Amino acid sequence: MHRPLIAAALFAFAAPAAAQTADTCRNDPKFREQDFTVGSWDVYTGDKKTDEVTMKLILNDCAIEEHWRKTDGRPTGNGIGLFNYSRLLGSWGYTWATDDGAATVFRGNLVKPGEIRYVTERPLPGGKVRLRHWTLYAMPDGTVRELAVGTEDGGATWTTDYDLKWVRRR
């Protein structure tokens, strides 16, 4: 006789708890640090459009899904990425895979609002390591700068791998 009342009470308490869980990432400032990249973008190397990228919030705003498409006539280099903040590690993670077999994993952190840097290491012959810093910057004009630099001497000298400009598609 009291079972329907108990079931209704349990449901009433469970519904707000489920809603709170779904909003956990949405309302956590750590998960919002890279929202400046969300949207659809044309990507330029210098003055030439070479790519298009779409960054979309997914999984209750707990991750950002990236779709990268070449527009410069190259048949490969299209890719998919996943950005996510890890409470366990206290840092951002990024996983990247392409249609030509390239794949890598990065760890990242906010440098300052509107600037997030990811880091990865690649083994080189002879036991050396190439360290890469890959940074996304929110620029004052609403564009995003994507800069990748690398070093093979522990940071004594750095070379630019690429320097891209993202322009929001209207």
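General observations
- Candidates D42, D47, D35 - the one that is closer than 19 Å to R169 by Cβ, at pLDDT 95 or above, out of contact with any Ser or Thr (no Cβ under 7 Å at 6 or more places or on another chain) and exposed (fewer than 11 other Cβ atoms within 10 Å of the Cβ): D47
- If the condition is being of a type in the set (F, W, Y) and touching a helix residue (DSSP H, G or I) at 6+ places or on another chain (Cβ under 9 Å), then the stretch 111-130 contributes no residue at all.
- Among the residues of the stretch 106-142, those identified as β-branched (V, I, T) and surrounded by fewer than 16 Cβ atoms within 10 Å (Cβ to Cβ) are V111, V119, V129.
- Checked against (1) loosely packed, with under 13 Cβ neighbours inside 10 Å; (2) farther than 20 Å from W68 by Cα; (3) touching a Gly at 6+ places or on another chain (Cβ under 9 Å), D100 meets all criteria but (2).
- Where T24 falls short, out of the listed (1) at pLDDT below 95; (2) under 30 Å from T160 (Cβ atoms); (3) polar (S, T, N, Q): (2)
- Residue count for the stretch 73-87, restricted to those that are aliphatic (A, V, I, L, M) and either under 17 Å from E52 (Cβ atoms) or at pLDDT below 95 (or both): 1
- All conditions in (1) in contact (Cβ under 8 Å) with a residue 24 or more places away in the chain; (2) assigned to a strand (DSSP E or B) hold for E65, with the sole exception of (1).
- Extreme residue, surrounded by the most Cβ atoms within 10 Å (Cβ to Cβ), among residues of the stretch 153-170 that are at pLDDT 95 or above and in contact with a Leu (Cβ under 8 Å, 6 or more places away or on another chain): L164
The values are calculated or read from the model by the stated rules, or taken from the named source; none is laboratory data. Please read these numbers as outputs of a predicted model, since none were measured by experiment. With ideal geometry, Cβ positions are generated from the backbone for all residues, glycine too; neighbour counts draw on all protein chains shown.
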